[in-house]
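Remarks on the structure that follows.
Read-outs: derived from the displayed coordinates by stated rules, not from any lab. Keep in mind it's a predicted model, so treat the numbers as computed, not measured. Positions of Cβ are backbone-derived with ideal geometry, glycine not excepted, and every protein chain shown enters the neighbour counts.
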Amino acid sequence: MSKVFVFLGMSLDGYIAGPNNSLENMGGDGWMDLHEWLLEQRVLRQNLKLGEGGQTGPENQFVESILARTGVSIMGKRMFNQGEVAWPEEAPFHTPVFVVTHEVREPWVRKGGTTFHFINDGIQGALRRAFEVAGEKDIRIAGGGSTVIQYVNAGLVDELFLAVAPTFLGVGLRLFEGIDKHSVTIAPVEAISWPKVTLLRYAIQRAGASRAQRAP
């Protein structure tokens, strides 16, 4: 069975987006500071068509593993709206992407294997579709914060990866705003310290549920 996972960058004070977050200022002020390490990795530079070069060490290998395991991505409409005006013509996912939205819209096909599908029956509907097409690969809940928390509170996430950057944003969007601490149990699995980021990996389980009960 495919696993459902989250991989997000976060500031040391718990923010995944800064102030003044808008279509014209994706992620808000300071957002790029969260992802400085990520943009230095060769595999991501290649994926985003940023040119040659980039690091090839353990951080790059980790990003390669995330890309390799992802068969489907799910995101909320706000994240899609911001990305639609910012992503290149060859969008960086290279998988089907299911957008949780109330908007009725035909699939949006991009170069490089990314097709955005607009799902109108909530997070469960998007996840059902994702399981149907993921095959042996996993499903990434890509964001934004509200969508991630809805999936976590529903007990539908297996793994949480947080890439904690050594920076403070002070204000913005906190990842765990609205978390229902009684709905899930969480256990640390791994912590890796790299020069510009600390990777934290957690296993998540819905309180009282077995793994077999979690697929929609």
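If r is the Cβ-Cβ distance from E132 to R78 and R0 is 35 Å, what FRET efficiency results, to the nearest 0.05?
Computed FRET efficiency for E132 and R78: 0.90.
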Length added when fully stretched, I192-Q61, from 0.36 nm per residue minus Cα-Cα: 45.9 nm
Selection from G28, T114, T185, by position along the positive dipole direction of the chain (Cβ): T185
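How big is the charge dipole of segment 37-183 about its Cα centre, in debye rounded to the nearest 20, if each Lys and Arg gets +1 on its Cβ and each Asp and Glu gets -1 on its Cβ?
Numbers: 15 positive and 17 negative charges, 31 e Å.
Dipole size: approximately 140 debye.
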Rounded Å value of the spacing that divides the Cα centres of segment 1-38 and segment 95-132: 21
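Return one quarter of the surface area of the convex hull spanned by the alpha-carbon atoms of segment 101-216, equal to its mean projected area, in nm². Intermediate values should be presented prior to the final figure.
On the way: hull surface 38.8 nm².
With the hull built on Cα positions only, its mean projection is 9.7 nm².
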FRET efficiency, 1/(1 + (r/R0)^6) with R0 22 Å, evaluated for A203 and L12 via beta carbons: 0.45
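Could you calculate the FRET efficiency of N20 with E177 from 1/(1 + (r/R0)^6), where r is the beta carbon distance between them and R0 is 25 Å, rounded to 0.05?
Details: r = 18 Å, r/R0 = 0.71.
Calculated transfer efficiency: 0.90.
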Taking all pairs of distinct alpha-carbon atoms in the chain, Kirkwood radius in angstrom: 17.7
